[in-house]
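I have placed the structure first, in the form of structure tokens, so that the comments after it can refer back to it.
The values are calculated or read from the model by the stated rules, or taken from the named source; none is laboratory data. No experiment lies behind these values; they were computed from the predicted model shown. Cβ coordinates were reconstructed from backbone atoms using ideal geometry, including for glycine residues, and neighbour counts include every protein chain displayed.
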Amino acid sequence: MKAIRVHEFGPPDVMHVEEIPDPIPGPGQILIKIKAIGVNPTDAYTRSGAGAKKVSLPYTPGIDAAGLVESIGESVADLAVGARVYTSGTITGAYAERVLCTESQLHPLPANVSYAQGAAINIPYATAYRALFQRANAIAGEVVLVHGASGGVGIAAVQIARSNGMIVIGTASTTKGRELVLKEGAHQILDHSKSNYLDQLLALTNGRGVDVVLEMLANVNLAKDLKILAMGGRVVIIGSRGKIEIDPREAMLRDATILGMLLFNVSDRQAAGIHAALFAGLENGSLRPVVGKEMSLEDASRAHREIMEPGAYGKIVLIP
């Protein structure tokens with residue numbers, strides 16, 4: 001089968017398509033015929049050697065994919081050959097034509113969700129759900145700011161927050177991105193490339209500020225986020241690419257909370273709850289993954305470059 005292999009950490013060009021043997025499922029393992037692969041910033045961080053989750057070389061990148069159960073090892077109880085599934089992790093790496101997974105890494109893909117959309121579920125939607133409900137404890141009626149709302153996690157957060165009764169304000173730097181964010185459920189959209197966009201946000205809330213900020217680029221925005229929080233507001237740091245200096249008094253004035261999160265820190269029980277909620281939203285149509293671009297497996301290097309560029313629009317997906 002074809003698979004992307006990484007033999008040294010470095011820039012996107014260290015990824016190469018190679019022919020390797022098809023994996024064979026052992027006890028408790030399932031072989032998936034991959035139809036689509038989700039590309040995530042965490043894949044790029046790991047490939048560069050800077051990721052929070054360390055891997056041994058050589059390896060095949062990728063966590064998120066969707067496809068069909070092709071064969072099953074011994075002691076697998078709840079899956080049948082031919083079942084449509086999406087992954088929340090793999091044993092052998094998702095950037096390939098086939099992948100081995102454990103039962104806990106596989107989740108049913110509703111019939112109304114395409115394979116490309118299925119590849120866009122796990123990290124974006126599980127991250128957004130965990131940030132809103134397991135970290136910020138957001139509730140209906142609260143005002144949520146989604147910073148960088150036109151990317152995979154941002155769109156997921158907009159849809160989840162809107163479908164749970166929150167007032168959603170998103171930001172995006174391109175006209176196309178802002179149109180997408182409004183289409184997917186934001187009540188208001190702001191251009192975060194403009195110097196006065198936070199003044200506009202405060203005007204939208206009559207000076208009160210927002211209850212929750214989902215922050216995708218904390219090293220740029222965190223100090224400013226603290227100034228637009230309502231009393232008791234919370235900032236959840238989903239992404240950061242460096243250090244930042246903040247004024248702690250801004251948090252003190254508002255009884256504010258700064259919360260970090262990594263999806264990899266979830267417990268088994270939390271993960272089960274997340275994916276049960278996501279299945280319900282996917283099935284009833286309130287959650288609709290947006291695939292911004294499809295590329296071939298051979299274009300993985302280009303996908304890794306584009307995933308780190310500004311102006312995100314939905315999810316980048318590889319088709320093997």
- Query: So VAL168 clears everything in (1) outside any strand (DSSP E or B); (2) touching a residue at least 12 places away in the same chain (Cβ under 8 Å) except one condition, right? Which one?
  - Reply: (1)
- Can you name the strands (runs of 3 or more DSSP E) wholly within region 90-163 that have at least 1 residues being at positive phi? none
- Query: Which of the residues belonging to region 171-203 are in contact (Cβ under 8 Å) with a residue 24 or more places away in the chain, of a type in the set (A, V, I, L, M, F, W, C) and crowded, with 17+ Cβ neighbours inside 10 Å?
  - Reply: ALA172, LEU180, VAL181, ALA186, ILE189, LEU198, LEU201
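Residues checked against (1) basic (Lys, Arg); (2) outside the structural domain of ILE30 (by TED's automatic domain parsing); (3) under 21 Å from LEU182 (Cα atoms):
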{"site": "TYR86", "(1), (2), (3)": "no, no, no"}
{"site": "THR127", "(1), (2), (3)": "no, yes, yes"}
{"site": "PHE133", "(1), (2), (3)": "no, yes, no"}
{"site": "ALA136", "(1), (2), (3)": "no, yes, no"}
{"site": "GLU142", "(1), (2), (3)": "no, yes, yes"}
{"site": "ALA161", "(1), (2), (3)": "no, yes, yes"}
- Task: Select from region 294-320 the residues that are in a strand (DSSP E or B) and either hydrophobic (A, V, I, L, M, F, W, C) or modelled with pLDDT under 95 (or both) and list them in ascending order.
- Result: MET295, GLY314, LYS315, ILE316, VAL317, LEU318, ILE319
- Item | Those residues of region 58-74 which are part of a loop (DSSP other than H, G, I, E, B) and closer than 24 Å to ALA126 by Cα, in sequence order | THR60, PRO61, GLY62, ILE63, ASP64
- Task: Take region 193-216 and flag every residue that is in contact with a His (Cβ under 7 Å, 6 or more places away or on another chain) and modelled with pLDDT under 95.
- Result: MET216
- Out of region 238-266, which residues are under 30 Å from ALA111 (Cβ atoms) and part of a loop (DSSP other than H, G, I, E, B)? VAL266
- Filter region 228-284 for residues that are farther than 24 Å from ALA44 by Cβ and among the basic types (Lys, Arg); the one that is modelled with the lowest pLDDT is ARG269
- Message: Give all pairs with beta carbons closer than 9 Å in which a residue from region 206-228 that is not assigned by TED's automatic domain parsing to the domain that holds ARG254 meets a residue that is not charged (D, E, K, R); count only pairs at least 6 apart in sequence or on separate chains.
- Response: none
- Item | region 309-320: number of residues that are more than 22 Å from GLU184 (Cβ to Cβ) and touching a helix residue (DSSP H, G or I) at 6+ places or on another chain (Cβ under 6 Å) | 2
